[in-house]
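Trainee: Below: one structure in structure tokens.
Throughout, read-outs are computed from the coordinates displayed, never taken from laboratory work. Computed from a prediction, not measured in an experiment: that's the story for all the values here. Positions of Cβ are generated from backbone atoms using ideal geometry, with glycine treated the same way; all protein chains shown enter the neighbour counts.
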């Protein structure tokens, strides 16, 4: 499932920029080699004091190198080298343990670390959220998105069933009657409807566009 995780993380050098200068940023690329973390980050500083920003980054905990790649007075692109961001270490441990967690994108917005990633199960979402809260001391907010597995034909079938009163209480049409109208065998029709309803329930009960707070 696709997951968006949002939390405060003052231990991250880029989050520190927001606290100090009210600056947002986005991590373009992140790699780890031989215990060092390499990040390419885009920082939106809008004619702020570049010298102070660079001094702050270089003095951040764990940062061992800062290289400017691009600057136009509003946007700064840098390459950061750190000993390892503690939060990234959690994700790294998940990856090494064979759990299906990988990070796709990260940005800093209003002082929050916001990650878009793919996580295999709700169990791993809860486990990861608890570990992140323990590491940062902050509440972890999670949005869960499930891509539709219902094809257009199935959606058409469900819409016809709805319009004809199959879901009414009491029903205005039964499965055999619906099967005859749609020219679909009853067993196949029943499977299409049940799979489609499972998707809709997942969307309603699990994938609502509301942040779920994991702070047990």
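Trainee: Using a Förster distance of 22 Å, how high is the FRET efficiency between residue 168 and residue 198, based on the Cβ-Cβ distance and rounded to 0.05?
Mentor: With a Förster radius of 22 Å, E is 0.60.
Trainee: OK, next. Counting other C-beta atoms within 10 Å, which of 39, 160, 134 has the fewest, and how do the rest follow?
Mentor: Ordered by Cβ neighbours within 10 Å, fewest first: 134, 160, 39.
Trainee: Let me ask something additional. Fewest first, what order do 18, 162 take by the number of other Cβ atoms within 10 Å? Before the final figure, lay out the partial values.
Mentor: Numbers: 18 20, 162 11.
Starting with the residue having the fewest Cβ neighbours, the order is 162, 18.
Trainee: Rg(Cα) of segment 152-205 divided by 2.2 N^0.38 Å? Don't skip to the answer; put the middle values down first.
Mentor: On the way: Rg = 10.8 Å, N = 54, 2.2 N^0.38 = 10.0 Å.
That works out to 1.08 for segment 152-205.
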